[in-house]
Amino acid sequence: MTVTLQTPDLPHVRLRPKANARGIRHGFPWVYANDLVTDRRTRALTPGTIAVLEDDKRNALGLVSVNPESRIICRMLDRDPSAILDRSWFEARLARAVALRDRLFPEPFYRLVHAEADGLPGVVIDRFGEICVVQPNAAWAELHLEPLTDALVASTGVTTVLKNASGRTRAFEGLDDRSGVLHGSAPAAPIPVPMNGATYMADLTGGQKTGLFFDQRPNHAFAARLAAGGRVLDVFSHVGGFALAALAGGAASALSVDGSAAALALAEQGAAAGGMAGRFATRQGDAFEVLAELGEDGARFDLVICDPPAFAPSKSALEPGLRAYERIARLAAPLVAEGGYLCLCSCSHAADLGRFHAASARGIGRGGRQAQLIHTGFAGPDHPQLPQLSESGYLKSLFFRL
């Protein structure tokens, strides 16, 4: 069914005749710049402008945000082109997001909004008890921070809302990197976060991204089952990620490796808070160099985890990124004791599961080992995927027995 509306109060933008209007109707949430008629009027729109998207025959497809400066020139906000983006609109979206998380998690520590998959394109919100951290990674969200914040407080009852402007995609949207407090007051110290039987310390104002990565929660839990009684090496550990979960699961010892001294200090605080300090150690340094040094020293572990940052954050970085994943696997595989386990992770959406699996298998083989793939993990259910948007399913964790 198509709808034609006369909405003189909003600008209208139109797809080119060869654009995939059917894909938009079936749920794809983006319009790329080369699929939109970009006349002088459209190019003059302020980034984040709300407009009605039409197909080439001027049938309305929905309400979108427009950013002429971005490769993703339109983001679908509402299939109803007459929708109004006020506090009530945000409250309705947030209520659906809260309902899902409340069903899944006994405590309010989770990703509350996962961008397009939760109907708020480009918006990430992580909840840490009475505090929410918002990443408005699209221009429209930056312009609507006030009603979003008001709705967030009303929907969750949190006392503090922080803005984190460190997202890489903000630069592509023409946005600045200034973080701040949107509601309440910033915490004076890192926040303890309970997860998988461990305590993690999240620096919500000075840490990486929103302060903690919730997406690996189910993979932490699976790794903990493999770690019982064993020696664990957690590379790219951030604030203790896999290592602390493994210790909570009964690991005999865990070594966390990261390039950030601040992140490792938080990991040590988390280990102390969980009564695990005596079994926990850290080593600061470049992950590739540390893996090579451990190999030269003949070190062996019963479980090795490598959870690096995105080596392939875009299609242009795919090939060097895949080589980096292969190199990690090659260096890590010899460190695994006979019959032990290796977990390799990727958060690069440009490297799909098949390519990442192939790179990991090549690296393990080049490392002189044979492997059984025993489990493939993804992000937890507080990071839902939009079926029409492959980018929303970015995380892959491969567990091998060597």
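The values are calculated or read from the model by the stated rules, or taken from the named source; none is laboratory data. No experiment lies behind these values; they were computed from the predicted model shown. Positions of Cβ are backbone-derived with ideal geometry, glycine not excepted, and every protein chain shown enters the neighbour counts. Ligands, DNA and RNA are excluded from the accessible area calculation, which covers all protein heavy atoms including side chains. Shrake-Rupley method; radii C 1.70, N 1.55, O 1.52, S 1.80 Å.
For the chain, find the longest principal axis of its Cα atoms and tell me its angle to the long axis of helix 217-227, 0 to 90°, nearest 10.
Taking Cα atoms only, the helix is inclined about 10 degrees.
Please sort 167-175, 358-366, 16-24 by packing, taking for each peptide the average over its residues of neighbouring beta carbons within 10 angstrom, highest first.
358-366, 167-175, 16-24
With the dipole of the chain worked out from charges on the C-beta (+1 for Lys and Arg, -1 for Asp and Glu) around the Cα centre, which of G129, P309, A324 lies farthest toward the positive end?
After comparing all options, I get A324.
Taking the Cα atoms of the chain alone, what are Rg (to one decimal) and Dmax (as a whole number) in Å?
According to the Cα coordinates of the chain, Rg and Dmax are 22.6, 72 Å.
In terms of the Cα gyration tensor, with a ≥ b ≥ c the square roots of its eigenvalues, is region 103-145 rounded because a/c is under 1.5, prolate because a/b exceeds b/c, or oblate?
Oblate is the answer for region 103-145, as a/c is 1.5 or above yet b/c matches or exceeds a/b.
Going by the alpha-carbon gyration tensor, a ≥ b ≥ c the square roots of its eigenvalues, is region 254-305 rounded (a/c under 1.5) or, if a/c is not under 1.5, prolate (a/b greater than b/c) versus oblate?
oblate
Treating only the Cβ atoms of Lys and Arg (+1) and Asp and Glu (-1) as charged, compute the dipole magnitude of region 207-312 about its Cα centre; round to the nearest 20 debye.
So the dipole magnitude of region 207-312 works out to roughly 440 debye.
Could you please state how large a percent of the accessible area of the chain is carbon and sulfur, counting protein chains only and using a 1.4 Å probe?
Of the solvent-accessible surface of the chain, carbon and sulfur hold 51 percent.
Which whole-Hz ³J(HN,Hα) couplings does region 304-320 yield from phi under the Karplus relation 6.51 cos²θ - 1.76 cosθ + 1.60, θ = phi - 60°, glycine and proline marked x?
10, 10, 10, 10, x, x, 5, 7, 10, x, 8, 4, 5, 9, 4, 5, x
May I ask for the angle, rounded to the nearest 10°, between helix 353-366 and the longest principal axis of the chain, with both axes built from Cα atoms and the value confined to 0 to 90°?
Orientation of helix 353-366: about 20 degrees from the principal axis.
Using the basic label-point model (7 angstrom from Cα toward the beta carbon), what is the E391 to V181 distance in nanometres?
3.3
Please list, in order along region 284-293, the HN-Hα scalar couplings obtained from phi with the Karplus expression 6.51 cos²θ - 1.76 cosθ + 1.60 (θ = phi - 60°), rounded to whole Hz, x for Gly and Pro.
Result, rounded to whole Hz: 8, x, 5, 4, 4, 5, 5, 4, 5, 5.
Roll a 1.4 Å probe over the protein chains and send me the accessible area per residue for the chain in Å².
43
Using 0.36 nm per residue of separation minus the Cα-Cα distance, give me the extension gain between A189 and A317 in nm, one decimal.
In short, 42.4 nm is gained.
Among 231-238, 294-301, 121-128, 66-73, how do they line up from the highest to the lowest mean number of other beta-carbon atoms within 10 Å?
Averaged packing, sorted descending, gives the order 231-238, 121-128, 66-73, 294-301.
In what sequence, highest mean first, do 131-137, 76-82 appear when ranked by Cβ atoms within 10 angstrom? Write down the numbers at each step before the final one.
Values: 131-137: 25.1, 76-82: 17.6.
Taking the mean over residues of other Cβ atoms within 10 Å, the ranking is 131-137, 76-82.
Going down the table (K163/K209; K18/K315; K163/K315), which pairs top 21 Å between alpha carbons?
K18/K315; K163/K315
With θ set to phi - 60° and the Karplus curve 6.51 cos²θ - 1.76 cosθ + 1.60, what are the ³J(HN,Hα) couplings of region 238-252 in order, to the nearest whole Hz, using x for Gly and Pro?
6, 8, x, x, 6, 4, 5, 5, 5, 5, 5, x, x, 4, 6
Once the whole set of protein chains is in place, how much accessible area is left on L85, using a 1.4 Å probe, in Å² to the nearest 10?
Roughly 30 Å² of L85 is accessible to a 1.4 Å probe.
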